[in-house]
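Peer 1: Sending over a structure as structure tokens; questions will come in a sec.
The values are calculated or read from the model by the stated rules, or taken from the named source; none is laboratory data. For clarity, every value in this text was computed on a predicted model and none was experimentally measured. Note: ideal-geometry Cβ built from the backbone for every residue, glycine included; neighbour counts use all protein chains shown.
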Amino acid sequence: MKKFKDKLIDFLKNRAFVFVKENIIEYFLLILPFFLMDVFIRIKALKIDYDRKGVLQASILFSVVFVTFMVCISKYLKGWIGKAVYILFYGISLFMFLTNMIYYTLTGYFFKFSLMFMASEGSAYIGDTIKSTDKSIWIMAVLIIVTGVIAIAKFKRSEKYNVKGIILVAIVFAVGQIFIPNVLGKGNANLKWDSFRKPANVYKEFNDANKNIKICGFFKYTERDFVKTFFKGKTKKDPDEINFLKDCYKDEKIHQNNPYTGMFKNKNIIFLQLEGIDTWLLTKEDMPNLYGLMENSLTFNEHYSYYNGGGSTFNSEFAINTGLITPISYNQNAYTFSSNTFKDTLPMLFKDEGYEVYAYHMNSKEYYNRGLNYKAWGYDDYFGLKDEVEYDEDDYVYEMDTELFDNETFRELFFNPPKPERKDGIKLNGRFVKYLISYTPHTPFVTNKGVGEYLAKKVYGDNIPDMDEEEVARMMATETDRMVGQLIDGLKEHNLYEDTVIVAYADHYLYTINDKSVLDKYKTTSDNRINNTPFFIWSNDIRDCLLRTGVDNEKLMTVSQKVNSQLDIMPTILNMFGIKYDENKYIGNDIMDDNYSGYVFFDDYSWYDGSVYFDGSAGEKVGDNPNSNGNSIENTNGSITKSIKKNDLTLKYNWYKMEMSKE
């Protein structure tokens, strides 16, 4: 024992002390840029309210283990290989740091690798997004780059491989990955409404970027997200989850008639999905055509759009056409389910009634895999302006919403599409469903380049005034409104005006605007109610249709004030067109049903029912009237948890394909 003690003292006094003395400055410099990245990310994440037991400790331990691994492995490799490995670690980390900081500034969420699958959709705006990023981020970046350059310059190449050191560091790293999660405590064995309260559950499910970056720290978050996204194994069937789905779908529940059933039966219908048209943009001054329609409509002021999973435009398309939403309990984008089998989708049910069903948008079929997705949902065809007409990439005319109808080829496809070839034996009834998606109000909201400059010249000629972001956004909204005017004129020209219903709604609030003070002026921005967006149903004879329901104005006003979301649009419309459906197949509800009180849930398990806002992260009522008597908190939490579980597992297991394979 004495001999061992003497050796240990000798090691500490001589070898260890000498090593520290000779290398402390170099190792400090090598660690510093990684340390700064981690600290700056933590500063940015201070706004995220998730400081639960074990979170800080686990994130620090993860970061220490990762930085130690990167620096030591680099030093233990021989010669230029070690230096090259350090540069590689540094370069990747710097790139991911900037990506996360810029993306968080724009959206309020940290980056997920799953967003790369839709990179082409936003590539045209990345330059301006970077330029408009908070200056403090660039100051941080400069500090990291300067310290990184110094570290690389001071990096001393090793003369030989330190095999023992490499093995030791690898073991410490591996052991850390296994044991550090235990610091987070125990999670729930099964998904519960309050699973998010336990960091162990959040870490395991890994679907909430903001909470997980606080739990993991920057480096572990990046590694885990990468592995979860690109190395996801084949889905294993969990008997409990399969039994849960069987129980959900075992009984058919046909929606019962109400006074609004069939009020639009045998009419045509156009779903008008409005890109970025927030509540504050839909005014008589900025959008007179759309505002005029809304004035003669059934309007739902408490409508909320979803922003989860990335690709919020496509989330709307997915929800309204399938009755499902992007998974919340695991990380996967909605448009990646193009290989899933769907049943009783919006287009399928209308096709069963003899309708022709088409979709229209500026972008080509490749974006969001729309060609495959719309086919999977049952559409007769998807028409993309850029698929049908050839444009130069620097010719921004195709990003003008009015080009959808100014272009004769595309206008003809909209009003006189080729008759579909049907093999189902159902006779066409001459009616149509058309899903029209606008585009123009996209970032950057500037007039010195891109679509903003093109539109400003179109509107003002060479005398373009100085315009801030809000003014540019309003100008773009007016361009969308001109397209709405063209649509109405076209319906009249083709004798379709009297016989067509328009369902208009926004895909998301205008989160892409860089000046967030604009949103603060017009919206509740402190919580998920920022997702409040326009939604109305128009028909030229809407007043007569509503009179025929026999519902008095007071009750109608109450119904139209119900809280609802994009998940509720499909069942509501199906009922209004007299189309029977199984309520169990959808997450949403018929807004007009007396048995539905109305609520919306969000991806952090928060919800709002019109009188109570429940903060999922804090686990408590907040808002204008936290003491109000809304729905039972516990009952609503339980109902939402079950809905999310049903939604997510249906998509995870490709439930309808699984059931069809048994038939």
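Peer 1: Consider PHE40 carefully, then state whether it is at pLDDT 95 or above, crowded, with 21+ Cβ neighbours inside 10 Å and closer than 21 Å to PHE173 by Cα.
Peer 2: no
Peer 1: Quick one: which of LYS434, LYS427 is touching a Gly at 6+ places or on another chain (Cβ under 7 Å) and more than 25 Å from THR107 (Cβ to Cβ)?
Peer 2: Exactly one of LYS434, LYS427 is touching a Gly at 6+ places or on another chain (Cβ under 7 Å) and more than 25 Å from THR107 (Cβ to Cβ), namely LYS427.
Peer 1: I would also like to ask the following. Pairs only if they're at least six apart or on different chains, beta carbon under 6 angstrom, first in segment 283-308 and surrounded by fewer than 19 Cβ atoms within 10 Å (Cβ to Cβ), second in a loop (DSSP other than H, G, I, E, B); list them, first residue then second.
Peer 2: TYR291/LYS284
One line per residue, one yes/no per condition, for (1) assigned to a helix (DSSP H, G or I); (2) β-branched (Val, Ile, Thr); (3) more than 28 Å from the chain's Cα centre (by Cα):
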position	(1), (2), (3)
LYS492	yes, no, yes
VAL518	yes, yes, no
PHE536	no, no, no
ASP544	yes, no, yes
LEU556	yes, no, yes
ILE579	no, yes, yes
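Peer 1: So SER338 fits all but one of (1) buried (at least 22 other Cβ atoms within 10 Å of the Cβ); (2) within 23 Å of the chain's Cα centre (by Cα); what number is the exception?
Peer 2: (1)
Peer 1: Something else about it: So, in segment 236-276, exactly how many residues are aliphatic (A, V, I, L, M), within 29 Å of LYS555 (Cβ to Cβ) and surrounded by 12 or more Cβ atoms within 10 Å (Cβ to Cβ)?
Peer 2: 5
Peer 1: Please go through segment 341-356 and pick out each residue that is within 26 Å of the chain's Cα centre (by Cα) and aliphatic (A, V, I, L, M).
Peer 2: Within segment 341-356, LEU346, MET348 qualify.
Peer 1: Within segment 303-337, can you find the residues that are at pLDDT below 80 and in contact with a Leu (Cβ under 7 Å, 6 or more places away or on another chain)?
Peer 2: GLY310
Peer 1: Also: State whether the residues of segment 611-620 include one that is closer than 24 Å to PHE432 by Cα and modelled with pLDDT of 85 or more.
Peer 2: No, because not a single residue in segment 611-620 is closer than 24 Å to PHE432 by Cα and modelled with pLDDT of 85 or more.
Peer 1: Those residues that are touching a helix residue (DSSP H, G or I) at 6+ places or on another chain (Cβ under 7 Å) and part of a helix (DSSP H, G or I), I need them from segment 36-58; list them, please.
Peer 2: Of everything in segment 36-58, those that are touching a helix residue (DSSP H, G or I) at 6+ places or on another chain (Cβ under 7 Å) and part of a helix (DSSP H, G or I) turn out to be LEU36, MET37, ASP38, PHE40, ILE41, LYS44, ALA45, VAL55, GLN57, ALA58.
Peer 1: I've got another one for you. Looking at the structure I just gave you, is PRO417 assigned by TED's automatic domain parsing to the domain that holds ASN369, of a type outside the set (Phe, Trp, Tyr), crowded, with 18+ Cβ neighbours inside 10 Å and in contact with a Lys or Arg (Cβ under 9 Å, 6 or more places away or on another chain)?
Peer 2: no
Peer 1: Kindly establish whether ALA170 is among the small types (Gly, Ala, Ser), modelled with pLDDT of 85 or more and assigned by TED's automatic domain parsing to the domain that holds THR99.
Peer 2: For ALA170, the condition - among the small types (Gly, Ala, Ser), modelled with pLDDT of 85 or more and assigned by TED's automatic domain parsing to the domain that holds THR99 - is met.
Peer 1: Still on this structure: Which of the residues spanning segment 376-404 are within 28 Å of GLU453 (Cβ to Cβ), charged (D, E, K, R) and surrounded by fewer than 20 Cβ atoms within 10 Å (Cβ to Cβ)?
Peer 2: LYS386, ASP387, GLU388, GLU390, ASP392, GLU393, ASP394, ASP395
Peer 1: Another question about this same structure. In this structure, does ASN373 turn out to be within 22 Å of PRO441 (Cα to Cα), of a type in the set (S, T, N, Q) and crowded, with 20+ Cβ neighbours inside 10 Å?
Peer 2: no
Peer 1: So is LEU61 in contact with a helix residue (DSSP H, G or I) (Cβ under 8 Å, 6 or more places away or on another chain), part of a helix (DSSP H, G or I) and either surrounded by 15 or more Cβ atoms within 10 Å (Cβ to Cβ) or at pLDDT 90 or above (or both) or not?
Peer 2: yes
Peer 1: When both residues are 6+ apart or on different chains and their Cβ atoms are under 8 Å apart, which pairs have a first residue that lies in segment 221-245 and is among the basic types (Lys, Arg), and a second that is crowded, with 17+ Cβ neighbours inside 10 Å?
Peer 2: If the second residue must be crowded, with 17+ Cβ neighbours inside 10 Å, the pairs left are ARG224/PHE206; ARG224/ASN212; ARG224/CYS216; LYS228/PHE206; LYS228/ASN331; LYS237/TYR653.
Peer 1: Do the conditions hold for GLU498, that is, is it exposed (fewer than 15 other Cβ atoms within 10 Å of the Cβ) and either acidic (Asp, Glu) or in a helix (DSSP H, G or I) (or both)?
Peer 2: Yes, satisfied.
Peer 1: How do the pairs read when you match residues in segment 374-386 that are in contact (Cβ under 8 Å) with a residue 40 or more places away in the chain with residues anywhere that are surrounded by 20 or more Cβ atoms within 10 Å (Cβ to Cβ) and acidic (Asp, Glu), using Cβ under 7 Å and keeping only pairs 6 or more apart or on different chains?
Peer 2: Between residues of segment 374-386 that are in contact (Cβ under 8 Å) with a residue 40 or more places away in the chain and residues that are surrounded by 20 or more Cβ atoms within 10 Å (Cβ to Cβ) and acidic (Asp, Glu), the close pairs are ASP380/GLU356.
Peer 1: Do you know which of the residues in segment 65-116 that are charged (D, E, K, R) and surrounded by fewer than 21 Cβ atoms within 10 Å (Cβ to Cβ) is modelled with the lowest pLDDT?
Peer 2: Here the answer is LYS78.
Peer 1: So, one more: Which ones in segment 360-399 are part of a strand (DSSP E or B) and among the charged types (D, E, K, R)?
Peer 2: Of everything in segment 360-399, just one residue is part of a strand (DSSP E or B) and among the charged types (D, E, K, R), namely ASP381.
Peer 1: On to the next question. Output the number of residues of segment 525-550 satisfying the condition of being modelled with pLDDT under 90 and either β-branched (Val, Ile, Thr) or over 19 Å from TYR613 (Cα atoms) (or both).
Peer 2: 1
Peer 1: On the basis of being modelled with pLDDT under 95, more than 30 Å from GLU205 (Cα to Cα) and in a loop (DSSP other than H, G, I, E, B), does TYR605 make the cut?
Peer 2: No.
Peer 1: Next question. So if I check each of ASP604, ASP594, which one is among the charged types (D, E, K, R), surrounded by fewer than 23 Cβ atoms within 10 Å (Cβ to Cβ) and under 28 Å from LYS265 (Cα atoms)?
Peer 2: After ruling out the rest, the residue left standing is ASP594.
Peer 1: Checking GLY588 against (1) farther than 17 Å from PHE535 by Cα; (2) within 24 Å of the chain's Cα centre (by Cα); (3) modelled with pLDDT of 90 or more; (4) part of a loop (DSSP other than H, G, I, E, B), only one condition comes out false. Which one?
Peer 2: (1)
Peer 1: Something else about it: For segment 402-432, give me each residue that is over 18 Å from ASN495 (Cβ atoms), acidic (Asp, Glu) and outside any loop (DSSP other than H, G, I, E, B).
Peer 2: Of everything in segment 402-432, those that are over 18 Å from ASN495 (Cβ atoms), acidic (Asp, Glu) and outside any loop (DSSP other than H, G, I, E, B) turn out to be GLU403, ASP406, GLU408.
Peer 1: Take the conditions modelled with pLDDT of 95 or more and either among the polar types (S, T, N, Q) or in contact with a strand residue (DSSP E or B) (Cβ under 6 Å, 6 or more places away or on another chain) (or both) and apply them to GLN566. Does it pass?
Peer 2: Yes: the conditions hold for GLN566.
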